[in-house]
Amino acid sequence: MNRAALLIPHYNNPQGLIASLASIGSDEAIDVVVVDDGSVREKIDEAACHAAFRAQGALRFVYLPQNRGIEHALNTGLQHIVDAGYEFAARLDCDDLVMPDRFAKQIAYFDAHADVMLLGSAVTFFDASGDRFTVNQPQTHEAIVLQMHDDNAFTHPAVMFRISAVREIGLYPTDCLAAEDFAYFWRFVARYRTANLAEVLTKSEYNDAGISMSRRRIQQAARIKLLWRHFDWTPRSAVKMTKATTSLILPLAVARTIKRIIGRKNWS
């Protein structure tokens with residue numbers, strides 16, 4: 001068993017899963033736990049997955065009897081990783097790609113910074129036309145805290161975190177639909193030191209069918225709920241709350257136009 005396990009939820013996207021597994025470097029010491037969230041239309045081809053996976057680790061599949069949503073799939077996989085005794089858990093979504101040495105670099109950072117419990121990185125978003133834009137998340141814990149009062153300071157498919165922290169704070173919350181990562185990372189930020197690496201270690205697919213687009217209003221409502229939960233009564237928090245509320249009210253096309261005008265490429 002390796003020190004780290006990669007958690008990948010799957011739902012009707014076997015080709016995306018194969019692409020993600022194939023991107024993992026052959027020298028990486030990483031086990032993978034794939035949780036199928038009740039796929040019916042397009043099921044996992046385990047043989048093709050094993051053929052694509054070249055890393056130095058085990059590939060395991062967990063099948064849920066019915067589709068319950070990503071929050072439940074994540075928690076099923078994370079509990080499996082906790083019970084197995086891994087030291088670290090990493091995340092990736094189907095279709096997303098990793099740099100060949102991503103996990104080795106994240107583990108090395110953890111080994112050099114014993115107080116850090118959650119670690120992300122810069123992420124490049126891509127679609128069928130190629131790379132679209134890169135999101136450079138804040139690197140220091142202090143900058144991360146400020147960012148969290150505006151929006152998620154971590155890109156979910158790029159993170160790795162310590163299982164020792166999971167044993168203290170629990171699994172992903174299920175009361176913030178489509179924003180379970182934002183809610184979960186707030187737990188880390190409020191209690192531990194966190195960081196982001198400046199280097200791009202993950203490429204994430206960008207498409208209008210993703211959760212951030214197809215469930216935008218649900219996600220935005222959950223975001224406002226979280227911002228209010230962590231509201232610190234400063235003028236900055238008030239401004240960020242107003243911004244989030246405005247984003248919820250505006251149609252997506254209008255929000256995109258405004259963000260283009262002000263130079264924001266990491267659209268919400």
(request) Can you put SER121, SER129 in order of Cβ neighbours within 10 angstrom, beginning with the fewest? (result) SER129, SER121
(request) Could you check the simple spin-label distance between ASP175 and ASN12, using points 7 Å along Cα→Cβ, in nm with one decimal? (result) 3.0
(request) Work out the length of the dipole vector of the range 1-149 about its Cα centre, built from +1 on the beta-carbon of each Lys and Arg and -1 on the beta-carbon of each Asp and Glu, and round it to the nearest 20 debye. (result) 120
(request) List the residues whose amide H sits under 5 Å from the amide H of PHE133, counting only those 5 or more places along or on another chain, with H placed 1.01 Å from N in the peptide plane. (result) PHE125
(request) List every residue whose amide H lies under 5 Å from the amide H of VAL32, counting only residues 5 or more places away in sequence or on a different chain, with H placed 1.01 Å from N in the peptide plane. (result) LEU6, ALA58, LEU59, ARG60
(request) Mind giving me the nanometre distance, one decimal, between the label points for SER129 and GLU46, set 7 Å out from Cα along Cα→Cβ? (result) 4.1
(request) Rounding to the nearest 20 debye, state how big the charge dipole of the range 30-69 is about its Cα centre with +1 on each Lys and Arg Cβ and -1 on each Asp and Glu Cβ. (result) 40
(request) Calculate the dipole size of the range 39-106 relative to its Cα centre from +1 charges on Lys and Arg beta carbons and -1 charges on Asp and Glu beta carbons; express the result in debye to the nearest 20. (result) 40
(request) Could you estimate the translational diffusion coefficient of the range 4-208 from the Stokes-Einstein equation, with Rh from the Kirkwood formula over C-alpha pairs, at 25 °C and 0.890 mPa s, in whole µm²/s? (result) 144
(message) Can you give the log10 of the normalised intensity I(q)/I(0) at q = 0.13, 0.14 Å⁻¹, computed with Debye over equal Cα scatterers of the range 1-93?
(response) -0.38, -0.44
(message) Looking only at the range 4-208, where both bridge partners belong to it, what percent of the DSSP beta bridges are antiparallel (to the nearest 5)?
(response) 30
(request) Please arrange ASP95, ASP127 by counting, for each residue, the other beta carbons lying within 10 Å of its beta carbon, fewest first. (result) ASP127, ASP95
(request) Work out the charge dipole of the range 4-208 with +1 on the Cβ of Lys and Arg and -1 on the Cβ of Asp and Glu about the Cα centre, then indicate which of GLY85, TYR184, PRO173 is farthest towards its positive end. (result) GLY85
(message) How far apart, in nanometres, would the label points at ASN67 and ALA19 be if each is projected 7 angstrom from Cα along the Cα-to-Cβ direction?
(response) 2.0
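Coordinate-derived values only; no laboratory data. Fair warning: this is a prediction, and the values are worked out from it, not measured in the lab. Note that we place each Cβ from the backbone using ideal geometry, even for glycine, and neighbour counts take in every protein chain shown.
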